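Written below as structure tokens is the structure these notes are about.
The values are calculated or read from the model by the stated rules, or taken from the named source; none is laboratory data. Fair warning: this is a prediction, and the values are worked out from it, not measured in the lab. All Cβ positions, even for glycine, are placed from backbone atoms using ideal geometry, and neighbour counts span all protein chains on display. All accessible areas refer to the heavy atoms of the entire protein, side chains included, with ligands and DNA or RNA removed. Shrake-Rupley method; radii C 1.70, N 1.55, O 1.52, S 1.80 Å.
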Amino acid sequence: MLQPKKRKYRKCFRGKNRGLALRGNTIAFGDYGLKVLEHGSLSDREIESARKKITFATKKVGKYWIRVFPHRPVTKKPVGVKMGSGKGDIDHYVAVVKPGAIIFEIGGVDLATAKEAFSKAGHKLSVKTTLVSKEA
């Protein structure tokens, strides 16, 4: 389970998720990337299941990079607890993503393999994604 080792503050405000990704929006390591098309947040479980699909689809050929990390804690109150009495405990961590962000990259595989791997991985994520290739 992906989560930070330590944090300065345990819980954080919800905040807004607006605009486009200004950083992490180009392919930096591999040949193909999985690009986010909408605002959203990816849970640690979603990222891990997508990673497993990519590993399985590429048959461990080539190399892949995960470009997002779930830093943001999401709190949840237990079932049956009344309103009030403070904020709930941390339930899980999410990675907040904006349109244009590259979340996975693959190198050392052909286009057909990358397309299949990212298609399978995209089904595991809660945001719409598309395959992009390096402009070289």
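The table below lists the values:
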read-out	value
Selection status of Lys82, closer than 27 Å to Arg10 by Cβ and at pLDDT below 95	yes
Search result, residues across the stretch 105-134 that are in a helix (DSSP H, G or I) and not hydrophobic (A, V, I, L, M, F, W, C)	Thr113, Lys115, Glu116, Ser119, Lys120, Gly122, His123
Answer residue from the stretch 28-60, given it is assigned to a strand (DSSP E or B) and not charged (D, E, K, R) and is surrounded by the most Cβ atoms within 10 Å (Cβ to Cβ) among those	Gly33
Selection status of Gly33, within 21 Å of His92 (Cβ to Cβ) and modelled with pLDDT of 95 or more	no
Cβ pairs under 7 Å, 6+ apart, first in the stretch 110-134 and over 9 Å from Ala50 (Cβ atoms), second among the basic types (Lys, Arg) and surrounded by fewer than 17 Cβ atoms within 10 Å (Cβ to Cβ)	Leu131/Lys115
Candidate set: the stretch 62-79, residues that are in a loop (DSSP other than H, G, I, E, B) and open to solvent by 80 Å² or more (accessible area, probe 1.4 Å); chosen: the one nearest to Gly24 (Cα to Cα)	His71
Test result for Arg10, farther than 18 Å from Lys124 by Cβ, in contact (Cβ under 8 Å) with a residue 60 or more places away in the chain and part of a loop (DSSP other than H, G, I, E, B)	yes
Extreme residue, least open to solvent (accessible area, probe 1.4 Å), among residues of the stretch 80-125 that are farther than 21 Å from Thr26 by Cα and hydroxyl-bearing (Ser, Thr, Tyr)	Tyr93
